[in-house]
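This structure is in structure tokens; I'll ask about it shortly.
Derivation of every value follows stated rules applied to the coordinates shown; laboratory data play no part. Just so we're clear, the structure is a prediction, and the values are computed from it rather than from any experiment. Neighbour counts run over all protein chains shown; Cβ positions are idealised from the backbone, glycine included.
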Amino acid sequence: MDIKNVCVIGSGIMGSGIAQLCATHGFNVNLVDIDIEILKNTKNSIEKNLERFFVLKNKISKKDAEKILNRINLNINRDEAVRDTQIVIEAVFEDMNLKQQLFSELDAICNKDVILASNTSSLSITDIALKSKLQERIVGIHFFNPAPVMKLIELIRGKKTSDEIFDRAKSFSESLNKTVVSVRDSPGFVTSRLIYVLCNEAVEILRKGIASAEDIDIACKLAFNFPMGPLELSDLVGNDIYFHIGRYLANTLGEKYQSSPLLKQMVEDGLLGRKSRKGFYEY
Ligand SMILES: NC(=O)c1ccc[n+]([C@@H]2O[C@H](COP(=O)([O-])OP(=O)(O)OC[C@H]3O[C@@H](n4cnc5c(N)ncnc54)[C@H](O)[C@@H]3O)[C@@H](O)[C@H]2O)c1
């Protein structure tokens, strides 16, 4: 079944990037959020991103940018938005109960051939699917931030994901011009498990006064040829996201994944990184 229409649920950092990416590759996108203000801002921010990173860099024309924007429809009504879509990509908060609830509600309203994808960065796809009647349709499509730019998609096969859905999700991901790696379901998959450990250790180094945030980031960039230091990255992804990943990994894989007390404190103080304009750095 050809994919023409995509529904993205959650229009935060990831959902809006995924919507932009899909629209850039010719898909019609219904973008849904429960928060009308967030939805309204989304189109503005996608417009700005297209202008700044694509039009001004001569990657696309102004006319193409308009066409891309016109392919994105904002919708506050989820049930209406998922109708007539061949793939639903969930990008709501990283919360197991919320995601389980969402997928269990999609059972009744999606068409029978739909691919149900979660963009979770760490939660088990098998567990996310547990309350759904369509467990074989649920797959992990893990995009990276910013979704329109980053080259990788981590494709996660839950215990019940069917071969057919996995293969179609792979073709869809490749049609977005991404390189796909296949991963068996396990907390944190490959990428989040690895990067969480690095970022959390960087926070511990900072907490113990071994080096400043700037020096930790410079050290990693120059020693390991990383494009970005771990604390800059944590600010970009969201310190709350890493904190939640840590809590989940500690619960599922063991104590050694426990977050640094400094990361916990920062999340409690609202120092979430770029999205709150303050984290390890000010923005
Ligand atoms: N931030 C990253 O770098 C990154 C990278 C890869 C994957 N992810 C994953 O993507 C998901 C979203 O992360 P984010 O950073 O975009 O979060 P975010 O907080 O920026 O956005 C989440 C959005 O979901 C909306 N939402 C919450 N409940 C909803 C519901 N029931 N229906 C519709 N919308 C709802 C919220 O209003 C919000 O706009 C998480 O699972 C996260 O782990 C994040």
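Starting with the highest mean, order 219-232, 114-127 by the number of other Cβ atoms within 10 Å, averaged over the residues of each peptide.
Values: 219-232: 15.7, 114-127: 23.7.
Top of the packing list down: 114-127, 219-232.
Further, regarding this structure: What does the helix-only formula give at 222 nm for the chain: each DSSP H stretch with n ≥ 4 adding -39500 (n - 2.57), the total divided by the residues, and the result rounded to the nearest 500 deg cm²/dmol?
Result for the chain, helices only: -14000 deg cm²/dmol.
Would you mind computing, in nm to one decimal, how far apart the modelled labels at SER175 and LEU194 are, each placed 7 Å from Cα along Cα→Cβ?
Using points 7 Å along Cα→Cβ, the separation is 2.9 nm.
In addition: For segment 192-276, just run the numbers: alpha carbon Rg, then divide by 2.2 N^0.38 Å, N being how many residues it has.
Output field value: 1.02.
Let me ask something else about it. Considering only DSSP beta bridges where both residues belong to the chain, give the percentage that are antiparallel (nearest 5).
Restricted to the chain, the bridges split so that about 15 percent are antiparallel.
Give LYS43/LYS99; LYS63/LYS275; LYS112/LYS133; LYS40/LYS275; LYS99/LYS264 a once-over and call out the pairs whose C-alpha atoms are over 20 Å from each other.
LYS43/LYS99; LYS63/LYS275; LYS99/LYS264
Tally Lys and Arg at +1 and Asp and Glu at -1 over the other residues with C-beta under 10 Å from the C-beta of PHE93: what net charge comes out?
-2
On full extension of the chain, what length is gained from ASP84 through ASN251, given 0.36 nm per residue of separation minus the C-alpha to C-alpha distance?
56.3 nm
Mind putting together the pair-distance distribution for the chain? All Cα pairs, 10 Å bins, whole percent per bin, short to long.
7, 28, 35, 23, 7, 0
Right, next: Which whole-number percent is the relative contact order of the chain (Cα, under 8 Å, 6+ apart)?
Value for the chain: 13 percent.
Report the charge-dipole magnitude of the chain in Debye, nearest 20, computed about the Cα centre from +1 at each Lys and Arg Cβ and -1 at each Asp and Glu Cβ.
For the chain, the charge dipole is close to 520 debye.
Right, next: Report the full-extension gain for the segment ASN41 to GLU164: residue separation times 0.36 nm, less the Cα-Cα distance, to one decimal in nm.
So the extension gain works out to 40.6 nm.
Select from segment 44-81 those trypsin sites (Lys or Arg not before Pro) which occupy a DSSP coil region and have at most 15 other Cβ atoms within 10 Å, ordered by residue number. Write down the numbers at each step before the final one.
Numbers: sites: LYS48, ARG52, LYS57, LYS59, LYS62, LYS63, LYS67, ARG71, ARG78; in loops: LYS57, LYS59, ARG71.
Hits after loop and neighbour filter: LYS57, LYS59.
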